[in-house]
Number of protein chains: 2
Amino acid sequence: MGKVRVHNFTITLDGFGAGTDQRLEEPFGDGVDHLHDWMDPLFDGTATGLDAEVGLDAESFGATIMGRNMFGPIRGEWPDESWTGWWGANPPYHHDVWVFTHHPRAAVQMEGGTTFHFTDEPIEVVLDRAKAAAGEKDVIVAGGASVVRQYLRAGLIDQLDIAVAPILAGAGEPLFADLGNALKQYEVVQQISSPAVTHVRLVRR
Amino acid sequence: MGKVRVHNFTITLDGFGAGTDQRLEEPFGDGVDHLHDWMDPLFDGTATGLDAEVGLDAESFGATIMGRNMFGPIRGEWPDESWTGWWGANPPYHHDVWVFTHHPRAAVQMEGGTTFHFTDEPIEVVLDRAKAAAGEKDVIVAGGASVVRQYLRAGLIDQLDIAVAPILAGAGEPLFADLGNALKQYEVVQQISSPAVTHVRLVRR
């Protein structure tokens, strides 16, 4: 059985996974310029040192769960089914992806093996589906902050690899907020800086 | 003219400078055990590497400003003047210290050159007094989080050296909260991990 993981979720030094006013032109909102710049070398294969060690780890993941804001900028009812994510015809997932939305629609099969499923089911149910699809591989809860927080509150995440970028947003979507006592279940087992970010690993005790 | 600085202010990974229910037995409250352990080697002179480089830097400071919670556990009116801080007869400041309180009382001269002044004046006025006392040296805004936030909001801090400890508190006194646009004035110029904590330096642009 694989693990349930958060991987390379990047937050600002003041704790935000996204800024304010997320929209088509600014998918991560305002105030978080350069938040994910550290990942560019991961995608183009030029990462070195600690960043490369943490890596994308894409081969470990057999299914992905994400929130609607991570899937796209459209809120409320879908005007039509033309929006199929930020990632073009061949998204970098290559497996089943569950997208939370209050407005479910038919699944979309993309090139390269990615299928987007849209769901308004409870997070536990969706996780079970994702685990079944992932088989021996891990499930990644990809984001945004709101979905990660929901799974954290429910104690359903086994391991989180978080990157803290040396950026101050001032406002936005906080990762560590409204978690009640959920964080007491987790331990920080690693906190190391690369020249670009600080990599932090949380595991459930 | 010296700078106005925050130095070695330590926060949890989730951003808290103190936990909940600060009191005599737990000056930093619950949920933040070991938050300041990394500083022990600084005080006993055994620190090495990056922690030692950042250091206490005590000789740079000519005056200190702190909040009442940092001075002691007593809230409201002082029952008497017997409480003179957590630090015994010879506090480690050896200069003038201003303590914010809604209940000012007579200044207390301690052994070793530390004098505690109690004030309910505006933060700008207190800073001017501290600057005058510090002369060419720097003024340290020592904490807690609430006092640091007030000076940050007013844009009065030149440099902050913050230590992020690999600890999750879940709740408490946040450092980066309710700062409005104040953080936009600051830039993270350094973020490096020692084996114990991540040292972050913010400077005003």
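The values are calculated or read from the model by the stated rules, or taken from the named source; none is laboratory data. Model, not experiment: these values are computed from the prediction. Every residue, glycine as well, gets a Cβ built from its backbone with ideal geometry; the counts of neighbours run over all protein chains shown.
Might you check whether a residue that is over 20 Å from residue A:177 (Cα atoms), in a helix (DSSP H, G or I) and under 20 Å from the mean Cα position of the chain (by Cα) occurs anywhere in the stretch B:176-186?
yes
Of all residues in the stretch B:102-118, count the ones that are polar (S, T, N, Q) and crowded, with 18+ Cβ neighbours inside 10 Å.
Adding up the residues that qualify gives 1.
Could you pull out the residue among A:10, A:20 that is under 30 Å from residue B:179 (Cα atoms) and in contact with a Leu (Cβ under 9 Å, 6 or more places away or on another chain)?
After ruling out the rest, the residue left standing is A:10.
Only one residue in B:157, B:140 is of a type outside the set (Gly, Ala, Ser), out of contact with any His (no Cβ under 9 Å at 6 or more places or on another chain), in contact (Cβ under 8 Å) with a residue 40 or more places away in the chain and away from chain A (no Cβ under 12 Å). Which one?
Working: B:140 fails: out of contact with any His (no Cβ under 9 Å at 6 or more places or on another chain).
Step by step, each of B:157, B:140 is checked, and only B:157 is of a type outside the set (Gly, Ala, Ser), out of contact with any His (no Cβ under 9 Å at 6 or more places or on another chain), in contact (Cβ under 8 Å) with a residue 40 or more places away in the chain and away from chain A (no Cβ under 12 Å).
Considering the stretch B:162-191 alone, what residues qualify as being touching a residue at least 12 places away in the same chain (Cβ under 8 Å), charged (D, E, K, R) and facing chain A (nearest Cβ under 7 Å)?
none
Look through B:105, B:129 and report the one residue that is more than 15 Å from the chain's Cα centre (by Cα), away from chain A (no Cβ under 13 Å) and over 20 Å from residue B:60 (Cα atoms).
After applying the criteria, what remains is B:105.
Every residue, every condition in (1) buried (at least 20 other Cβ atoms within 10 Å of the Cβ); (2) in contact with a Gly (Cβ under 7 Å, 6 or more places away or on another chain); (3) within 24 Å of residue B:128 (Cα to Cα); (4) polar (S, T, N, Q), yes or no:
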residue: B:145; (1), (2), (3), (4): yes, yes, yes, no
residue: B:155; (1), (2), (3), (4): no, no, yes, no
residue: B:170; (1), (2), (3), (4): yes, yes, no, no
residue: B:189; (1), (2), (3), (4): no, no, no, no
residue: B:192; (1), (2), (3), (4): no, no, no, no
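Test residue A:163 against the criterion of being part of a loop (DSSP other than H, G, I, E, B) and surrounded by 19 or more Cβ atoms within 10 Å (Cβ to Cβ), and give yes or no. Show your work before the answer.
Working: part of a loop (DSSP other than H, G, I, E, B): no; surrounded by 19 or more Cβ atoms within 10 Å (Cβ to Cβ): yes.
Judged against the criteria, residue A:163 is not a match.
Would you mind stating whether residue A:195 is in contact with a strand residue (DSSP E or B) (Cβ under 8 Å, 6 or more places away or on another chain), modelled with pLDDT of 95 or more, within 12 Å of another protein chain (Cβ to nearest Cβ) and closer than 20 Å to residue B:165 by Cα?
So residue A:195 does not fit the description; no.
If you scan the stretch B:92-113, which residues turn out to be in contact with an Asp or Glu (Cβ under 8 Å, 6 or more places away or on another chain) and among the polar types (S, T, N, Q)?
B:101
Checking the structure you have, find out if any residue of the stretch B:66-82 is more than 15 Å from the chain's Cα centre (by Cα), over 23 Å from residue B:36 (Cα atoms) and outside any loop (DSSP other than H, G, I, E, B).
no
Could you go through the stretch A:26-35 and let me know if any residue there is at pLDDT 95 or above and not in a loop (DSSP other than H, G, I, E, B).
No, that holds for no residue.
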